[in-house]
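See below for the structure under consideration.
The values are calculated or read from the model by the stated rules, or taken from the named source; none is laboratory data. The structure presented is a predicted model; accordingly, all values stated were derived computationally and were not measured. FYI the Cβ positions are ideal-geometry reconstructions off the backbone, even for glycines, and counts take in every protein chain you see.
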Amino acid sequence: MTQDNGSNLLKATNEDTSGPFFPIYFQDESLEDLTVLGPGIVGAPSGQHIILCGRVLDRHGNLANGVLMEFWQANAKGIYNSPDNLGHPDLDPWFNGYGRLRSASGEYKFCTIMPGASDNRAPNITITLFSDGISRIVTQVFFEGHKANETDPVLKSLGTDDQARLIARHGGHTDGGAEIYLLDIVMAGANETPFFDDFES
Amino acid sequence: MTQFGRQLGIGPTDNTSDQRTPRKPLRLIPSVARESFVPVVPARYVMRTHEWDMTRIAPGRPRGDGTPIEVKGTLRNENGTPIRDALIEIWNANHHGRYRHVEDASGLQLDENFFGMGRVVTDEDGNYCFWTISPGAYLARPDIGRWRPKHIHLSVSGGSARLITQMYFPDEPNNASDPMAILMGDGFENNIGKPYETSDLDVDEGYRFDIVVGGRNATFFE
């Protein structure tokens, strides 16, 4: 096992690109719609149903086909289903907050509930992207119209233009009552989405 | 004020990397928000009992073309703690360099006895093991004659450990020109499987590939 010089930590395995052929076979529909518990099961997580949708675009404005997207969020009361919160009274047993989808075209649609605000944060969803050409990039998306956006530490750490690139626009609602939010993620170029460094932070 | 972290590199001769790699440096996450960036993937035991043996499509079926190999290793975080109950999703091209994927338009030969996708879960000591067919290299850039060296894709998820990586093979002529290998620099060595003797096994070659999930994201597990 290799070790970093001067450190007791093991040297991490390099991240590498998923390539273009992440198997569709590994798709799990229960991770694409977190408002549904499973076929034939009565019940639902607490909270306002929302649909977060949009496009993932490359440097030339073309759709980033074959992108793998992962989502992580708090429940409607702002509690994450993390080991630190084990036994927390506000955990929702019907919601664990992790989602995943692979988009063949680069357009995406993720059905979930509106996360609650937690610990002086505005409601947000962490998005991880894997695709051909990159290994892994991470960002956080916020929702138009939330007052807490003005004081959120992540948004405040960015300039005004970059803030706008992370705030999903409200786009009406479905007949079923889900609120629609729209966000394009631009991987590179003029209108590039801000991405975050979770190794050096 | 925005504070900046790493600037991601663009893989040489990789058009997709040029199109998709962020040009601005990554932003540092304010410390009060750091934990919110740590996804916790629930334990997912989604695998079929036979999937550890990718050398054939189902028990009793003939083996795919090419060389059957074993790949095994231990999954740990940077502190050396084994990560158990993690799902490893595996995919690799067949002996001819073709993926059984609807978007693989290479026209290379499919193998009726090779599926090329499988899943295993790490045991309580973080160990994993699977069999597959040694993948073929394939011509990724016909216009400039650049090949993708033989490689196996592995996607690891469990607790807050999340890593997509590739295992490469030692002494392959195409390793040196691979864009991702070039970006890894000297660290590329860590992504090469270490050969071991398999005379007592029903495979022809064995490769040890220990995986270390880095970063503070691997803090939570189990």
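Every condition in (1) assigned to a loop (DSSP other than H, G, I, E, B); (2) more than 9 Å from chain A (Cβ to nearest Cβ); (3) under 21 Å from residue B:188 (Cα atoms); (4) in contact (Cβ under 8 Å) with a residue 40 or more places away in the chain is met by residue B:93 except one, and the failing one is (2). Report the residue count in the stretch B:1-29 for those that are at the interface with chain A (Cβ under 8 Å from one of its Cβ atoms) and either crowded, with 19+ Cβ neighbours inside 10 Å or of a type in the set (Gly, Ala, Ser) (or both). Going through the stretch B:1-29 one residue at a time, the tally reaches 13.
Within the stretch A:111-125, being outside any loop (DSSP other than H, G, I, E, B) and crowded, with 22+ Cβ neighbours inside 10 Å holds for A:112, A:113, A:124, A:125. Out of curiosity, is residue B:34 within 10 Å of another protein chain (Cβ to nearest Cβ) and among the basic types (Lys, Arg)? For residue B:34, the condition - within 10 Å of another protein chain (Cβ to nearest Cβ) and among the basic types (Lys, Arg) - is met. Candidates B:183, B:201: the one that is of a type outside the set (Val, Ile, Thr), closer than 30 Å to residue B:46 by Cα and in contact (Cβ under 8 Å) with a residue 60 or more places away in the chain is B:201. Would you pick out the residues in the stretch B:145-154 that are assigned to a loop (DSSP other than H, G, I, E, B) and modelled with pLDDT of 95 or more? If the condition is that a residue be assigned to a loop (DSSP other than H, G, I, E, B) and modelled with pLDDT of 95 or more, then B:149, B:150 are the ones that fit.
In this structure, residue B:157 qualifies as within 13 Å of chain A (Cβ to nearest Cβ) and either in a loop (DSSP other than H, G, I, E, B) or small (Gly, Ala, Ser) (or both). As a summary of the residue check, residue B:60 satisfies the conditions (1) farther than 24 Å from residue B:150 by Cβ; (2) touching a strand residue (DSSP E or B) at 6+ places or on another chain (Cβ under 6 Å) except for the one numbered (2).
Scan A:178, A:168 and give me the residue that is of a type in the set (A, V, I, L, M), in contact (Cβ under 8 Å) with a residue 60 or more places away in the chain, surrounded by fewer than 22 Cβ atoms within 10 Å (Cβ to Cβ) and within 19 Å of residue A:100 (Cβ to Cβ).
Answer to the selection: A:168.
Looking at the stretch B:60-80, which of the residues that are more than 10 Å from chain A (Cβ to nearest Cβ) and over 13 Å from residue B:131 (Cα atoms) is surrounded by the most Cβ atoms within 10 Å (Cβ to Cβ)?
Per the stated criteria, the residue is B:65.
If you filter the stretch A:32-56 down to residues that are at pLDDT below 95 and surrounded by 14 or more Cβ atoms within 10 Å (Cβ to Cβ), you find that the one that is farthest from residue B:156 (Cα to Cα) is A:44.
All of (1) in contact with a Pro (Cβ under 9 Å, 6 or more places away or on another chain); (2) closer than 30 Å to residue A:81 by Cβ hold for residue B:175 with one exception: (2). Take residue B:105 and tell me if it is within 11 Å of another protein chain (Cβ to nearest Cβ) and out of contact with any Phe, Trp or Tyr (no Cβ under 7 Å at 6 or more places or on another chain). So residue B:105 fits the description; yes. Every test in (1) within 7 Å of another protein chain (Cβ to nearest Cβ); (2) touching a Cys at 6+ places or on another chain (Cβ under 8 Å) is passed by residue B:52 save one, and that test is (1). Tallying residues that are surrounded by 19 or more Cβ atoms within 10 Å (Cβ to Cβ), on the phi < 0 side of the Ramachandran plot and touching a residue at least 12 places away in the same chain (Cβ under 8 Å) within the stretch B:159-173 yields 9. So, in the stretch B:187-222, of the ones that are among the charged types (D, E, K, R) and closer than 30 Å to residue A:82 by Cα, which residue ends up modelled with the lowest pLDDT? Selected residue: B:222. Mind listing whichever residues of the stretch A:58-95 are assigned to a loop (DSSP other than H, G, I, E, B), surrounded by fewer than 22 Cβ atoms within 10 Å (Cβ to Cβ) and of a type in the set (Asp, Glu)? A:90, A:92, listed by residue number.
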